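Scroll down for the structure; my scribbles are underneath it.
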2 protein chains.
Amino acid sequence: MYFPSWMRQLYRGLSAQPAWASPRRSLVLSPHRRLPEFSSFIARTNTCGELRSSHLGQEVTLCGWIQYRRQNIFLVLRDFHGLVQIVIPQDESAASVKKILCEAPVESVVQVSGTVVARPPGQENPKMPTGEIEIKVKTAELLNSCKKLPFEIKDFVKKTEALRLQYRYLDLRSFQMQRNLRLRSQMVMRMREYLCNLHGFIDIETPTLFKKTPGGAKEFLVPSREPGKFYSLPQSPQQFKQLLMIGGFDRYFQVARCYRDEGSRPDRQPEFTQIDIEMSFVDQTGIQQLIEGLLQYSWPSDRGAVALPFPSMTFAEALATYGTDKPDTRFGMKIIDISNVFRNTEIGFLQDALSKPQGTVKAICVPGGAKYLKRKDIESIRKFAVDHFNQCSLLGKLRLECADLLEKKGVVLRDPALFSFLWVVDFPLFLPKEDNPRELESAHHPFTAPHPSDIHLLYTEPEKVRSQHYDLVLNGSEIGGGSIRIHNAELQHYVLATLLKEDVKLLSHLLQALDYGAPPHGGIALGLDRLMCLVTGSPSIRDVIAFPKSFRGHDLMSSAPDCVPPEDLKPYHIQVSWPADSESEKNSLNLHQES
Amino acid sequence: MYFPSWMRQLYRGLSAQPAWASPRRSLVLSPHRRLPEFSSFIARTNTCGELRSSHLGQEVTLCGWIQYRRQNIFLVLRDFHGLVQIVIPQDESAASVKKILCEAPVESVVQVSGTVVARPPGQENPKMPTGEIEIKVKTAELLNSCKKLPFEIKDFVKKTEALRLQYRYLDLRSFQMQRNLRLRSQMVMRMREYLCNLHGFIDIETPTLFKKTPGGAKEFLVPSREPGKFYSLPQSPQQFKQLLMIGGFDRYFQVARCYRDEGSRPDRQPEFTQIDIEMSFVDQTGIQQLIEGLLQYSWPSDRGAVALPFPSMTFAEALATYGTDKPDTRFGMKIIDISNVFRNTEIGFLQDALSKPQGTVKAICVPGGAKYLKRKDIESIRKFAVDHFNQCSLLGKLRLECADLLEKKGVVLRDPALFSFLWVVDFPLFLPKEDNPRELESAHHPFTAPHPSDIHLLYTEPEKVRSQHYDLVLNGSEIGGGSIRIHNAELQHYVLATLLKEDVKLLSHLLQALDYGAPPHGGIALGLDRLMCLVTGSPSIRDVIAFPKSFRGHDLMSSAPDCVPPEDLKPYHIQVSWPADSESEKNSLNLHQES
C-alpha cells in the first residue's frame, strides 16, 4: 500500500493565515496557503510521509504503525501521511533497539528517533514519495503492541462491508478512508470560509430535539420524562431556518445533522448531514449563484475546475429529454419525439399509441449501438422495457440501461473525471396524492412558494401551479434542493388548510411568525454525504462517513441499537409492545371485559 | 435601540482570503482580513448600518425592518448591521412612496432605493454610527406587513424569559441576541481555522444514534423499528474519538452536539455543544498548549488579549486554597491554615477541632471586611456557615458568599472584564461510590489514564491514584475537561472489570480495538455554550443558543415535546405507560391470573 503524495494536493490553495505564534514555531504572514503543522504539540518532529531529500541530515522523531519488515533489516513505518523506510541497526551497541523493532508485530505502534539519510545508490524507490531517503534509527520505543489482526489493513477494501464495519477502526487506517474523510473535512472547511468569511453567513446551531412535523412519518421519536410526550428528531432544520430569517439573521448556514427513519434502505443513513443555507431578500437566481460560487470555491483542485454558471433545465424539459428529474448530462442519448415520422404508419402498436390523446412515439438513438449491441443485449433491453412498462420514467431508465450495456463493451459514456452540474427548475408545486389522486400533496414541502407567474392558478387550478423549487443535480444524482419560501401568512394558511388540508394548529407558531414582519426568503440544502461520495468516486456513502450504520440501520461495531433493561424505560413512561406478548395481553384484556 | 458599531469589531483580524471572483464584485488578495460581503447575491446594495459619509452621493438599495417613524417625515430602518434614517418624500410626485412608508406598521419589512445624502447641518446624530447621513428615497416597496406585536422588540430583554422563548423569532431581532449569536459563529470559525488550517486537525462527524454506555443513566433513548431495541443519544463522542485515534486519524476535532437528560435543571440544556478534540502521541502538556493557543487565537479582540501560559493548580491545592475544584482566581481571599496560631488555644471548639486526626482551623481574610460588613452581614455569614456545616466545600462557598456581600457594598472583586483562566490537574482517578463508599467509581470516566507516578498504586491502593485528567476553569466556571486516555487493553480491562466492576461485554469493541495497535492518545472537550456565556457576559446559556429549551426542557415556541398518536408509536413497538392507567392494567392482569 503506497500512499500517493496527496497531502500537499489536499491542502493546496489554502488561504493565507494571519501571523500567529505557536508554542513551537512561529508562522509568518504569507500570501499563499501553507501546509498545516501536523507535528505541533506532540512528540514527533515530522510525519512519516513528508520526508524528502531536503530533510537529509535532520534528526527526526517519528510515530507510526509498523507496515512491514524485511529480513529484520528494514522496517516500513506508516502514518496518515505516508510510508518511510527505517533501517534497523545491526551493531551490538544497538541491540535493544533492534530487539524492539524486530519483535513488534505488524501494526504495532512505535516511536523512533534517528537521522534522515540518503538511500544507497541504486536502492531508491521512485514509486514511493519518500523513496530517496531512509531513517538511520538511534532510539526506538514500543508504544503499543498489536495482536494478530483479523485481516491485513491493505486488504480491507476487498473484504465484505459487514466485516469492514465491524472493525471500522482498522478499516479507517486504509488509504481510501483516510483520503475520503480528510478531503471531506477540507472541503467543508472551504465551504465555511466561503460562506462565513467571504459572504457574511452566520453559522447557527438549531435544535434536534423538536416536535413532530405534520406528515413527518419518517421522524425518529425521543420519549421525554413527561408521560405520553415525545420529542422528534427532525428531517431538516426547515422551520428553524425560516424562523431565523424572521428573527433577522438574514444569512444563515449550518452543517446540519438530520434524521430520517426509513427502515432498511441500501444507500441511505438514519442520520445524515446537509449543508443547510437560508437567505433573506433573495430570489432563485441569487441562491443559484451562491451555490455555484460555493462549489467552485470548495472544489478539490485535482478534480478539475468547476465551470460557471451551471446549465439549467425545467422539470418538464428534463422529463421529456431524459425521462427523469435528475438527468445525467455527461452523455447524450436524449429522448427524441419521432411521432411525426410515424404519423402515417401502418404499424399497429404505433398507430394505437398515436391515436391516444397526447400519444407520442419516442426514441433514443444509441450511438454505436449497431456495432456494440448484440442480439442478447437487444433482448435484455426489450425485457427491461417490458418489466418497466407503463412507468412514466421508463425511457429514462432505458437510457441508463443502454449506457450500462455500452460501457460493458468498453465505450466510455460517463467519464468518471467529468462533473456535470445541472439545475432543474419549475417543478410542480403539488402532486396528486398517491392513495387518493383527487387530493393534493406538496411536491416538496408546504413552505415552497408558487412560481410568480402561476399565483393566480392557486385559486382555480392548483395542480397546474409551478413552484419556485430548484434541484441541483450532479452526474445524475440529486445533490441538493431548495426553494423560495412563502413569506405571507395568509398564503401559507391557504396552502396548508385549504389546499393540503393539514392541521394548521401544529404550525401555528410558524404562521404567527410570518405575520410579525417576515422578510422574503429562500434557501437550499446540499446533501453532503452524497456530494462527497461523488467527489471521491466512492461506491457507497458509507465510504465517506466515519462510523456509518449498516443498511439495516445497525452499528456493527458496537451492535447498536440494543436492548435496554425495563427499569431504564420507566423514567420515560414507555414499555415495549412485544409482537408475541401483545397478543396474549390483548387476550387478557378481552377476558377481563368478558369476566 | 442604537446599535453600536460592532460589526467591524467582530470581523477585525479575519485572515486574508485568496483571490476569488464573486458574481458581483471581485475580491483582491490582501494581507489583511476584510469585512465579508453582506450584500452579495441579493437585492440590497448595502446594509443599513454600514453607511457613512464616505457613501455620500451613492445610489443604494436597502432592505430592513421599520424601527420607528417620526411625524411621517423620517423613518428609521433597521437590519442586523444597524439603523439608518430614511427621509420620507413629501412632494406630490412621490405620493405612492410616501403612502407605503407612512402606512406600514412598525416592524414591517420594506425595500427602499435612494441616494445617501448628508444630514442638514445641526441635525447630525453623533450617538448613531450612521448619524451623519440619511437616505433620500426614490422608490419603496412593502415586502411584508407586520401585525401588532405582543411587545416592542427593544423591550424584549426586559420581559420574562418564558415570553421571550415563546416569541423567540422576535427576541432574536434584539441587539443582544444578534451580537451573541454572531460572535459565537465568528469565534467557532476562528477555532476551526486554528485547528484545521494551522494545526492539521480533521473535522470528523460521529454518530448520535449510538448504544447506551454502561452507567449512562442520563442518556435519551430512541426506539428503533426492532422490538425492544433502542439507540441512545450519547453524552459525548468519547468512544468514537478514541476509535478514531485507533483508526489513524491522529488529530480529530468536532463541534459536537451532545445530549444529557437530567430532567429540570436551571442552567443546563438537554442538547448542548462541545468543541471536542483528540490527539495521538500527545501528553497533558501538549493538550494544554493546544487549548491555550486555541483560545488566544479565537478570543474576540475587544475582550482583551489572552495571556499564555495559563496558570495551573493541583486538585488538592485548589481544594485547600479555594475550597473548590473550580476556583475563581480573579480575586484573592484564599483559605489559609491558621492551626498553628491556635495550637495552644483554650477556646473549646477550636481545641476540639484540632484534637481530631487531620483537624485544622482555617480562615478567609476578607479585605475591607471590617469597613464594609455590618452586623447583619456577619450574621448572614454565620447562618450560611451553619446551613452548609459539614460540607467539605463550605469554605469555598463561604468565600464566594463574602465576595457577594462585598460587591453589594460596591467593592469590585470580580472584574467582569477580566478573564482568569486556570488549569486544575492531578484529580483523583477514583472516588468512593456515594451509595456504597467501599466501592469505587470513576471520578470522570473509566477511560482516564492514571498518573504515571501512581500506576503501582492501582494494584494496592487504587483510591490514592491520581489521574491524568485536567479541567480548564474560567472565572470560577468549568469550561472544559479532558484527559490522557488508557491505551493499553489489559489496563483498561483491569480498571473496568476489577476496580469498577462494570460489565466489560458492553465495551468489548473498545477493548478489542485497544489490542489492535492503539496509539497513546488524549483529548479534551470545551463546553461551547458555557464559554460563550462567559465571553458575552450573558446571565444564562439560553442567551447564546438560538432556540433553547426552557429549564423544564420545553420548546415554548412550538410546544415540544408533544403528544403523539398511538399509531405513530406502533412501528417502534412501544406504548405509553400512563401513570394512572398502569394501575388498572395491572388489575386486569391480576384478574386474568385469578380467572
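What the table shows:
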item: Radius 10 Å from Cβ of residue A:254, net charge of other residues (Lys, Arg +1; Asp, Glu -1); result: -2
item: Tilt relative to chain B, helix B:175-192 - C-alpha long axis, 0 to 90 degrees, to 10; result: 60
item: Residue B:70 versus residue B:54: modelled label distance in nm, points set 7 Å from Cα along the beta carbon direction; result: 2.6
item: Accessible area, probe 1.4 Å, largest first, for residues A:133, B:100, B:545; result: B:100, B:545, A:133
item: Dipole of the protein assembly as shown, positive direction: furthest Cα of B:113, B:513, A:57, with charges on the beta-carbon; result: A:57
item: Under Karplus coefficients 6.51, -1.76 and 1.60, residue-wise ³J(HN,Hα) of region B:279-289 in Hz, glycine/proline x; result: 9, 9, 6, 10, 10, 4, 4, x, 5, 5, 5
item: Over chain B: helical MRE at 222 nm, DSSP H runs n ≥ 4 each giving -39500 (n - 2.57), nearest 500; result: -7500 deg cm²/dmol
item: Theoretical FRET efficiency, 1/(1+(r/R0)^6), r = Cβ-Cβ of residue A:386 and residue B:453, R0 56 Å, to 0.05; result: 0.10
item: Three-way shape label, the protein assembly as shown, alpha-carbon gyration tensor, a/c 1.5; result: rounded
item: Under 19 Å from the residue B:378 label point (7 Å along Cα→beta-carbon), backbone N, region B:332-367; result: B:347-350, B:362-367
item: Per-pair calculated FRET efficiency, R0 = 45 Å: residue B:299 and residue B:365 via Cβ, rounded to 0.05; result: 0.85
item: Per-copy distances of the residue B:343 label point, shortest first, in nm (7 angstrom along Cα→Cβ); result: 12.0
item: Gain in span if fully extended, residue A:417 to residue A:460, counting 0.36 nm per residue against the direct Cα distance; result: 10.7 nm
item: Region A:53-144, Rg to Rh (Cα coordinates; Rh as Kirkwood inverse mean 1/r); result: 0.93
item: Sequence-separation-based contact order of region A:53-144, relative, with Cα cut under 8 Å and 6+ spacing, percent; result: 34
item: Inter-copy separations for residue A:508, label at 7 Å along Cα-Cβ, nm, ascending; result: 5.2
item: Cβ-Cβ FRET estimate between residue A:559 and residue B:431, R0 fixed at 25 Å, reported to 0.05; result: 0.25
item: Too-long pairs where the Cα-Cα distance tops 26 Å, listed order kept, from B:241/B:505; A:326/B:211; B:159/B:371; result: A:326/B:211; B:159/B:371
item: Loop-located chymotrypsin sites (Phe, Trp or Tyr not before Pro) in region B:139-203 whose Cβ has at most 16 other Cβ within 10 Å (DSSP); result: B:151
item: Peptide A:272-279, shielding by other chains (average Cβ, 10 Å cutoff); result: 1
item: Chain B: C-alpha gyration tensor shape, a/c 1.5 cut-off, then a/b vs b/c; result: prolate
item: For residue A:89, net neighbour charge (Lys/Arg +1, Asp/Glu -1) across residues whose Cβ lies under 13 Å away; result: +1
item: Solvent-accessible surface (1.4 angstrom probe) belonging to residue A:190, in square angstrom, nearest 10; result: 40
item: Solvent-accessible area of residue B:455 with every protein chain in place, 1.4 Å probe, in Å² to the nearest 10; result: 70
item: Region A:223-287, relative contact order in percent, only Cα pairs under 8 angstrom and at least six apart counted; result: 31
item: Exposure ranking of B:551, B:249, A:349, B:342 by accessible area [1.4 Å probe, largest first]; result: A:349, B:551, B:342, B:249
item: For residue B:337, solvent-accessible area (1.4 Å; no DNA, RNA or ligand), Å²; result: 90
item: Exam field: residue B:95 pseudo-label spacings to other copies (7 Å along Cα-Cβ), nanometres; result: 11.0
item: Heavy-atom SASA rank of A:457, B:406, A:418 (probe 1.4 Å, accessible area, largest first); result: A:418, A:457, B:406
item: Region B:43-91 shape via C-alpha gyration tensor axes, a/c threshold 1.5; result: oblate
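The values are calculated or read from the model by the stated rules, or taken from the named source; none is laboratory data. This one's a predicted model, so the numbers in the text were calculated from it and none came from an experiment. Because the Cβ atoms are built from the backbone with ideal geometry, glycine has one as well, and the counts that use them run over all protein chains shown. Remember, those area values only see protein heavy atoms, side chains included, never the ligands or the DNA or RNA. Shrake-Rupley method; radii C 1.70, N 1.55, O 1.52, S 1.80 Å.
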